[in-house]
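Visitor: Sharing a structure, written as structure tokens. Questions coming.
The values are calculated or read from the model by the stated rules, or taken from the named source; none is laboratory data. Just so we're clear, the structure is a prediction, and the values are computed from it rather than from any experiment. Every residue, glycine among them, receives a Cβ derived from its backbone with ideal geometry; neighbour counts consider all protein chains shown.
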Amino acid sequence: MEQLQKFRDKYRLNFPLAGDTSHKTLEAYGVWQEKELYGKKSMGIVRTTYLINGEGKIQHIFPKVKVDGHAQEVLAALKS
């Protein structure tokens, strides 16, 4: 996906990004939900972080992520 390539390049990320235009994975993880902003309802992604171990098992879920302090939260969870 061209948009993901541009995002990766803009932020100089050194790992691949995966897109889900069919929403199959988003729906499986329960993050494609109805949202409301200023009284207007629409479908969208609810920001959520999943820590998945080497065996593919979910170790921790951070629902409704807020940007401020989130990286530190994730690092702390990784260290525990």
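Visitor: Given the structure, is residue 7 among the aromatic types (Phe, Trp, Tyr) and part of a helix (DSSP H, G or I)?
Guide: Yes.
Visitor: Being of a type in the set (Lys, Arg) and surrounded by 11 or more Cβ atoms within 10 Å (Cβ to Cβ) is the filter here, so list the residues in region 1-13 that pass it.
Guide: 8 - this is the single residue of region 1-13 that is of a type in the set (Lys, Arg) and surrounded by 11 or more Cβ atoms within 10 Å (Cβ to Cβ).
Visitor: Can you give me the number of residues within region 14-47 that are charged (D, E, K, R) and either within 23 Å of residue 58 (Cα to Cα) or touching a Gly at 6+ places or on another chain (Cβ under 6 Å) (or both)?
Guide: Residues meeting the conditions: 5.
Visitor: Which of the strands (runs of 3 or more DSSP E) found entirely inside region 22-70 contain at least 1 residues meeting this: closer than 20 Å to residue 1 by Cβ?
Guide: 32-37, 40-45
Visitor: Is one or more of the residues making up region 38-48 modelled with pLDDT of 95 or more, closer than 25 Å to residue 72 by Cα and of a type in the set (Ser, Thr, Tyr)?
Guide: For region 38-48, residues modelled with pLDDT of 95 or more, closer than 25 Å to residue 72 by Cα and of a type in the set (Ser, Thr, Tyr): present.
Visitor: Still on this model: When you check residue 51 against the structure, is it of a type outside the set (S, T, N, Q) and in contact (Cβ under 8 Å) with a residue 24 or more places away in the chain, yes or no?
Guide: Spelling it out, residue 51 is indeed of a type outside the set (S, T, N, Q) and in contact (Cβ under 8 Å) with a residue 24 or more places away in the chain.
Visitor: Mind counting the residues in region 14-47 that are loosely packed, with under 10 Cβ neighbours inside 10 Å and among the hydroxyl-bearing types (Ser, Thr, Tyr)?
Guide: Summing the residues that are loosely packed, with under 10 Cβ neighbours inside 10 Å and among the hydroxyl-bearing types (Ser, Thr, Tyr) in region 14-47 gives 4.
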